[in-house]
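In what follows, a single structure is set out as structure tokens and then discussed.
The values are calculated or read from the model by the stated rules, or taken from the named source; none is laboratory data. Since the structure is predicted, the reported quantities are computational estimates derived from the model, not experimental observations. Neighbour counts are summed over all protein chains in view; Cβ atoms, including those assigned to glycine, are modelled from backbone coordinates with ideal geometry. Only protein heavy atoms, including side chains, enter the accessible area calculation; ligands, DNA and RNA are left aside. Shrake-Rupley method; radii C 1.70, N 1.55, O 1.52, S 1.80 Å.
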Amino acid sequence: MKKLAIMGAMEEEIEPLLSHFNNVKITEFAKNKYYEVSYNGLDIVIAYSKIGKVFASLTASTLIEKFGCDTLLFSGVAGAINPKLKIGDLIIADKLCQHDLDITAFGHPHGFVPGGDVFIETSKELREVAKEVALENSLNVLEGTIATGDQFVHSSERKNFIENTFKADALEMEGASVAVICDSLDVPFFILRAISDAADGGADIDFDEFLKSSAKESADYLLKIVDKLNK
């Protein structure tokens, strides 16, 4: 690992990380800011993409192609589908899908386009490191499927559709697009989410209330993973 990328979707998701670093170099590119830091001899580039799959794809591509990052970690928040997940809990994705990708009119399954796959797997090596860190720090972390779509899900009907169609454990708005970029460019990647809401009728209230605390949970855990990777 020569240069590490750390992404979030919102400013609130990377603020807890940036607070750990001094001497931050800021580069402005493609209507976004990229924060370059050195951490225990490791070069890291941190950025928040803005919400949604398009912005996340742009940011992930920039981190890899412009800044030369060869490993990408994503830290952020998500809505729970799996009833075992409560607000503040952590989930690492073993695979991701796009729940709003729909060309079923042509006989294809939800989430599939020709030349692609419904699910994209994350790096097994990075997941194993994350599980080691969780065990060492007595953290309860679920490993499961995360579904991505360009919509903030706050209805039980949509939540149930995603659960039944993809057997997803959590949902958010960026992860699978980052997965497509990293998989296509052969860059190992890892997606971590802290639960901020239950993706139901009260999701908007839960999200606002728990965004910062859940993002901090995710960021603190991610930094411990970086420490382990850098040994």
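Being in contact with a Gly (Cβ under 7 Å, 6 or more places away or on another chain), acidic (Asp, Glu) and surrounded by 13 or more Cβ atoms within 10 Å (Cβ to Cβ) narrows it down to one of Asp100, Asp117, so name that one.
On the way: Asp117 fails: in contact with a Gly (Cβ under 7 Å, 6 or more places away or on another chain).
Going through Asp100, Asp117 in turn, just one is in contact with a Gly (Cβ under 7 Å, 6 or more places away or on another chain), acidic (Asp, Glu) and surrounded by 13 or more Cβ atoms within 10 Å (Cβ to Cβ): Asp100.
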What are the residues in the range 1-17 that are closer than 14 Å to Gly68 by Cα and open to solvent by 20 Å² or more (accessible area, probe 1.4 Å), if any? Met1, Lys2, Lys3
Take the residues in the range 131-163 that are modelled with pLDDT of 95 or more and of a type in the set (Gly, Ala, Ser), then tell me which one is surrounded by the fewest Cβ atoms within 10 Å (Cβ to Cβ). Gly144
Checking the structure you have, find out if any residue of the range 18-38 is surrounded by 14 or more Cβ atoms within 10 Å (Cβ to Cβ) and modelled with pLDDT under 95. yes
Only one of these is open to solvent by 10 Å² or more (accessible area, probe 1.4 Å), among the basic types (Lys, Arg) and either modelled with pLDDT of 95 or more or not in a helix (DSSP H, G or I) (or both): Lys231, Lys216, Lys224, Lys212. Name it. Lys231
Exclusive hit being open to solvent by 10 Å² or more (accessible area, probe 1.4 Å), in contact with a Phe, Trp or Tyr (Cβ under 9 Å, 6 or more places away or on another chain) and polar (S, T, N, Q), set Ser196, Ser123: Ser123
Any strands (runs of 3 or more DSSP E) falling wholly within the range 70-180 and containing at least 1 residues that are free of Cβ contacts under 8 Å to residues at least 60 places away in the same chain and hydroxyl-bearing (Ser, Thr, Tyr): 141-148
